[in-house]
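A.B. asks: Please see the structure below; I have some questions.
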């Protein structure tokens, strides 16, 4: 190992390989990434990894640093789990670039428990033919819902021929507090009775969803996307009905399942919705807009979405 430092807040370990990060991980230690990392050049990551990448302690960079080219073939890809409320994990200023997750179980790709992410980027491909598209979730029922703040996620979904994503147990975000985040999805394929982007009461605030999504419309023709408190969200996914779908119409619902956890100020780009896809809004503070209206700062200010 070629790191420096002692792991304290005043004198953090300074590392330049993913191998060193994993070797040094532990409760309440401080690890600073000193240079961009290409993990594919390290012996331990030349082949797909069959166990999750577990991050512990405080792992950060003074400016955005890259950890690139990791393939994980297991139930979940990244485990950001601390040692209870006394030893939380904090990850900041890291770009997880070109990661591939070959799912072998129904856990989330990124699992958090007593952990948080701030100002991080994730560029990944999720390969899955049976286990769902869950991206972020808290591990277990312990502790408060973890925070993901000022982060960006690009996820390309690649799947086989198995008809999938029909269980209501699957959700994109589960028990996650997300604020000021952008989610871009490519080729997201979902079942008609399954999709929510936040299946808990944890708040989703100032977030944007872009990209494309096809829906397998089967027995259910209504899709409720947000459960839990949701406010100031832009929904600009191009939603279409999947070619293999047995149904012919879809209604996207922005109605809270519980009035205690409202869905407010959701802006839906209706111009990019596919044929026979409609929208049901829950209140006068939710809007179905044209693309031009969503691009207009003045219009969004007039309706109260922008301050």
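Only the coordinates and a few stated rules stand behind these numbers; no lab work does. Keep in mind it's a predicted model, so treat the numbers as computed, not measured. Neighbour counts are summed over all protein chains in view; Cβ atoms, including those assigned to glycine, are modelled from backbone coordinates with ideal geometry.
A.B. asks: Compute the separation of the alpha-carbon centres of region 229-259 and region 107-125 and state it in Å as a whole number.
C.D. replies: Cα centres, region 229-259 to region 107-125: 24 Å.
A.B. asks: Here's something else I'd like to know. In nm, give the distance between the simple-model label positions of residue 54 and residue 35, each being 7 Å from the Cα along the Cα-to-Cβ direction.
C.D. replies: 2.9
A.B. asks: If you don't mind, there's one more thing I want to ask. Restricting to the chain, what percent of DSSP beta bridges are antiparallel, rounded to 5? Provide the component values of the computation, followed by the final result.
C.D. replies: Working: 1 of 100 bridges.
Expressed as a percentage, antiparallel bridges in the chain total about 0.
A.B. asks: I would also like to ask the following. At residue 251 and residue 16, where each label point lies 7 Å from the Cα along Cα→Cβ, what is the point-to-point distance in nanometres?
C.D. replies: 6.1
A.B. asks: Can I ask one more? Which label belongs to the value computed from this structure, given these candidates for volume of the Cα convex hull per residue in Å³: (1) 266; (2) 133; (3) 298?
C.D. replies: Computed from the coordinates, volume of the Cα convex hull per residue in Å³ corresponds to (2).
A.B. asks: Obtain the nm distance between the two label points defined at residue 104 and residue 8 by a simple spin-label model: each point lies 7 Å from its Cα along the Cα-to-C-beta direction.
C.D. replies: Each label point is offset 7 Å from its Cα along the Cβ direction, giving 4.2 nm.
A.B. asks: Viscosity 0.692 mPa s, temperature 37 °C: Stokes-Einstein D of region 7-159 from its Kirkwood Cα radius, in µm² per second?
C.D. replies: Values: Rh = 15.4 Å.
Rounded to a whole number, D works out at 213 µm²/s.
A.B. asks: Run the helix sum for the chain: -39,500 (n - 2.57) per DSSP H stretch of 4+ residues, divided by residue count, reported at 222 nm to the nearest 500 deg cm²/dmol. Numbers along the way, then the final one.
C.D. replies: Values: 3 runs with 18 residues, N = 307.
Estimated from H runs of four or more residues: -1500 deg cm²/dmol.
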